[in-house]
Amino acid sequence: MANNSPSIALVLNAHLPFVRKPQYRQFYEERWLFEVISETYLPLLRMFRKLELENIPFRVNMVLSPTLLAMLSDELLCERYIEYLDNQIELAQKERRRLAGDPVFEPLADLYFAMYSRSREEFEDLYGRNIIRAFDYFSKKGYIELMTTAATHAFLPTYSDIPEAIDAQIESAIIAHRMEFGKNPSGFWLPQLGWYPGLEKHLRAYNLKYTIVTTKGALLGSPSPFYGSFSPVMTASHIAAFIRDAGATKAIWSETEGYPAHSVYRDFYRDIGYDLDPSYLAPHLYGVERGYTGFKYWAVTGKTDNKRPYEPSAASAQAIMHAHAYLSDRKVQARAASYWMKDRSPIIVCPYDAELFGHWWFEGIQFLEAFFRTMSRKDEENPLRLVTMSEYLSENPSCPRSEPEFSSWAEGGYAEAWLDGRNDWVLRHTRRAAERMRELTIRFPNESGLRERILNQAAREVLLAMSSDWALLLRSGKSADLAAKQIRESIYNFNHIYEMLSAHTVETEWLTSLEKRNNIFPYMNYHVFAPKK
Amino acid sequence: MNPEILSLLSDEELRTLAEKMNIYVPEGLERIFLIEEIIDAYEDDTSDKVYSHDAPDHLEEKKLAGTGFIPGRLEDISIPDYYNETYINAIVRDPLWIFAFWDIADSTRQKYIGEAETSRLLLRISEATGFEPSFSYDIVVSFDDRKWYINVPHPKRSYMIDLCIAKCHKVRILARSNIVRMPSQYLDISSKLPQVTRSLLVLSGSEELHLIEPKEENSLRIMSMEGE
């Protein structure tokens with residue numbers, strides 16, 4: 001007898017591009033990592049611990065991208081994170097002094113002091129500077145199901161005609177995952193949910209079982225998915241493609257209508273880094289005159305510059321209400337879908353970038369906690385069952401056949417975000433580098449020693465240049481200077497290696513210095529770019 | 001769609017695009033105003049598609065909130081503008097646009113630039129239905145061009161692009177691109193779909209995502225922008 005009680009799966013993609021600049025004493029963009037550790041990853045783990053302690057069952061699929069794993073396990077960056085926290089605690093103390101006696105703002109300075117002090121205590125003492133192990137712990141306990149994604153979050157559809165580039169992204173990712181967690185993942189997160197027909201063959205070749213595609217890509221698939229977005233579809237290569245739920249997407253992603261836009265939540269943009277005297281902020285901004293400090297005292301309020309002060313307790317209450325509303329809407333959807341799906345369990349798939357919770361939407365972790373708590377209450381009013389994707393597939397192994405259409409979750413829904421007058425120059429170089437890397441694997445099939453080292457570094461540089469994040473930043477204009485330099489540096493490094501190999505020379509000192517700087521994927525084997533038989 | 005991309009189109013292509021977008025174009029309308037009209041119509045068309053335009057690009061910007069240009073930071077490394085090879089690549093952008101880029105080896109380039117009076121460089125876009133192209137059209141480009149956004153007539157069909165030199169009514173192919181298959185734009189709602197699927201597609205958001213092909217009298221713009 002088929003069980004058709006509806007399911008819901010939450011998926012969090014934790015990812016940052018690789019930014020590590022040991023040649024600088026401080027590098028502003030390394031703070032991207034530090035901010036999300038403090039605001040998203042540590043609070044997530046804190047919530048997981050609390051739920052476990054209270055015996056509240058929860059399930060979540062989590063992606064820890066290979067670049068993020070590389071940074072979280074890097075000694076230098078972990079040391080710098082502690083320095084960052086010390087600096088933030090110092091700024092919080094200054095803020096407490098500056099705001100002493102102010103009934104509205106002093107408590108907010110206290111909040112940041114407590115947040116950064118707690119982060120330091122947990123990161124250093126509780127986790128021993130290794131939060132990857134903490135995620136692994138919850139994975140082994142069965143609370144979270146870990147997935148991987150492309151090695152450097154490349155937007156795969158723009159490399160569809162260079163199969164070796166696709167394989168290199170997948171294979172390097174699987175090795176990175178295995179090195180950290182001791183086993184291969186079953187699920188593969190498509191960077192930017194970028195899918196193209198044919199990708200499934202590559203995923204299948206690495207024994208991956210499932211992935212997630214956009215609603216649009218799935219609905220435009222061939223044939224139309226029998227159960228709409230309420231069931232994964234099975235591709236010809238036997239990869240299950242789960243389908244992102246459009247309603248769940250809108251509720252949270254929408255910058256204009258989504259929950260995070262509510263007036264009581266903390267405003268992301270209004271930061272003392274842009275309000276206070278630069279000389280006061282100078283010791284805390286890594287040599288940058290203006291930038292985000294993380295100290296934000298104002299609520300979203302509305303479309304006005306005249307913001308209201310942030311009230312954490314009101315925002316917390318709202319986050320709980322939003323969790324209830326979110327679930328209520330999903331229940332309505334589930335009931336409607338169940339009406340048509342008598343023979344199988346409808347599933348609502350809710351994938352988000354992890355950093356949306358806590359970093360952008362400051363109260364997002366409270367929302368998630370309320371979501372899990374409410375889900376754990378068994379009553380007739382809540383027909384939904386929280387599952388991981390593997391659990392769903394093991395209970396529903398047979399899925400309707402369909403091939404999703406070329407698609408992504410970026411603006412436009414296809415490849416528009418990566419093919420724009422501001423960033424389309426990138427592909428000329430990254431695709432050429434990937435093709436030349438393939439050529440090198442043929443020219444140098446069995447190298448060892450110095451030549452193997454240089455070939456491995458060449459492979460790292462190609463992967464780094466392929467990161468989809470840089471092209472997005474070029475398009476948005478934010479951090480575009482850094483993005484352009486990152487791409488050019490990797491392409492330059494690759495081209496230099498290519499020329500050295502052609503001239504049968506190796507600049508050992510240069511290579512050693514580069515290996516130390518761009519030390520991602522220490523186990524790299526350049527054959528990941530080799531043509532597959 | 002932006003003015004930069006549109007400026008790459010010929011006058012004729014702009015007029016065809018405007019026609020497909022149901023924009024009235026008076027005789028003699030200057031090119032710059034035609035581009036403005038297309039952009040305006042396009043923005044009108046997308047402004048009410050709020051449902052899914054809030055794409056994760058927004059979060060990427062927040063997650064990676066940066067500082068802009070910091071003078072002197074990071075070495076300004078230069079890389080070649082192009083590679084001394086002759087090739088052309090085609091990449092799908094969306095159901096109706098291909099992004100093509102190419103290089104021409106210096107020796108070939110010099111040879112034809114010397115004959116610029118009599119030689120023209122062109123892109124020949126062909127529908128790749130089998131072994132032989134079945135339909136094609138040309139876009140004339142200059143020797144300084146190295147990329148082009150190409151508007152193709154039909155989603156769900158395959159195309160390839162030849163980089164050609166035309167001289168004295170003879171056309172020589174310098175390079176041929178990979179074949180690209182254009183994605184579909186609209187749901188194929190045929191009467192064969194069972195009621196359960198039709199209902200679940202609606203519940204899945206097919207209408208809000210504008211995946212239903214508009215009727216003739218209310219035709220949508222040529223480029224769909226609803227992301228997710």
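No lab work stands behind these numbers, since they all come straight from the coordinates. Computed from a predicted structure; not experimentally measured. Cβ coordinates were reconstructed from backbone atoms using ideal geometry, including for glycine residues, and neighbour counts include every protein chain displayed.
Roughly what percent of Cα-Cα pairs across segment B:87-181 reach past 18 Å?
42
Per residue of A:226-237, count partner chain C-beta atoms within 10 Å of its C-beta, then hand back the mean as an integer.
For this peptide, the per-residue mean of nearby foreign Cβ atoms is 3.
Along each principal axis of its Cα atoms, how long is segment A:62-103 end to end? Whole angstroms, biggest number first, please.
46, 24, 9
What are the radius of gyration and Dmax of segment A:202-305, computed over its Cα atoms and given in Å?
Taking only Cα atoms of segment A:202-305, I get Rg and Dmax of 22.1, 62 Å.
Work out the mean other chain Cβ neighbour count within 10 Å for the residues of A:217-225 and drop it here as an integer. Present the calculation step by step, with values, prior to reporting the outcome.
On the way: counts 3, 1, 10, 12, 3, 3, 5, 11, 4.
For peptide A:217-225, the averaged partner shielding equals 6.
Below 13 angstrom from the Cβ of residue B:83, what's the summed charge of the other residues (Lys, Arg +1; Asp, Glu -1)? Each step should come with its number before you reach the end.
Working: positive: A:428, A:431, A:432, A:436, B:109, B:146; negative: A:435, A:439, A:499, B:81, B:85, B:103, B:106.
That sum, taken over residues with Cβ under 13 Å, equals -1.
Answer rounded, prolate or oblate for segment A:430-472, using the Cα gyration tensor with square roots of eigenvalues a ≥ b ≥ c: rounded when a/c is under 1.5, else prolate when a/b is larger than b/c, else oblate. All intermediate terms of the calculation are to be shown ahead of the outcome.
Values: a/c = 4.77, a/b = 1.96, b/c = 2.43.
It comes out oblate by the Cα gyration axes.
Which order results if A:450, A:203, A:464 are arranged by neighbouring Cβ count within 10 Å, fewest first?
Least crowded to most crowded, the residues run A:450, A:203, A:464.
Taking K and R as +1 and D and E as -1, what net charge do the other residues with C-beta under 14 Å from the C-beta of residue A:51 add up to? Walk me through the intermediate numbers first.
Numbers: positive: A:46, A:49, A:50, A:59, A:141, A:373, A:377; negative: A:52, A:54, A:369.
So the surrounding residues net to +4.
Report the net charge of residues surrounding residue B:146, where surrounding means a beta-carbon distance below 9 angstrom and charges are Lys +1, Arg +1, Asp -1, Glu -1.
Net of charged neighbours comes to -2.
What is the diffusion coefficient of segment A:161-215 in µm²/s, taking the Kirkwood radius over Cα pairs and the Stokes-Einstein relation at 37 °C with a viscosity of 0.692 mPa s?
On the way: Rh = 11.7 Å.
For the chosen part, D equals 280 µm²/s.
Convex hull over the alpha-carbon atoms of segment A:296-377: what's its volume per residue in Å³?
119
Enumerate the helices in chain A for which the Kyte-Doolittle hydropathy averages 0.0 or more and the C-alpha atoms extend at least 15 Å along the helix's axis, using complete DSSP H runs.
Those that pass (Cα extent of 15 Å or more, hydropathy at least 0.0) are A:42-53, A:163-181, A:364-376, A:449-465.
At most 13 other C-beta atoms within 10 Å and a DSSP loop state: those are the exposed chymotrypsin sites (Phe, Trp or Tyr not before Pro) I care about. Give me the longest piece of chain A that has none.
Details: sites that count: A:24, A:269, A:523.
Longest stretch, sites excluded: A:270-522.
Report the normalised scattering of segment A:391-533 as log10 I(q)/I(0) at q = 0.10, 0.12 Å⁻¹, calculated by the Debye formula with identical scatterers on the alpha carbons.
So the normalised log intensities are -0.46, -0.62.
Any idea what % of Cα-Cα pairs in segment A:87-171 are farther than 15 Å?
73
For a footprinting-style exposure proxy, rank A:533, A:94, A:250 by other Cβ within 10 Å, fewest first.
A:533, A:94, A:250
Which order do B:189, A:347, A:442 fall in if you start with the one that has the fewest other Cβ atoms within 10 Å?
A:442, B:189, A:347
Could you work out the pair-distance distribution P(r) of the protein assembly as shown from its alpha-carbon pairs, with 10 angstrom bin width and percents rounded to whole numbers?
Over the protein assembly as shown, the share of Cα pairs per 10 Å bin runs 2, 13, 23, 26, 20, 11, 3, 1, 0 percent.
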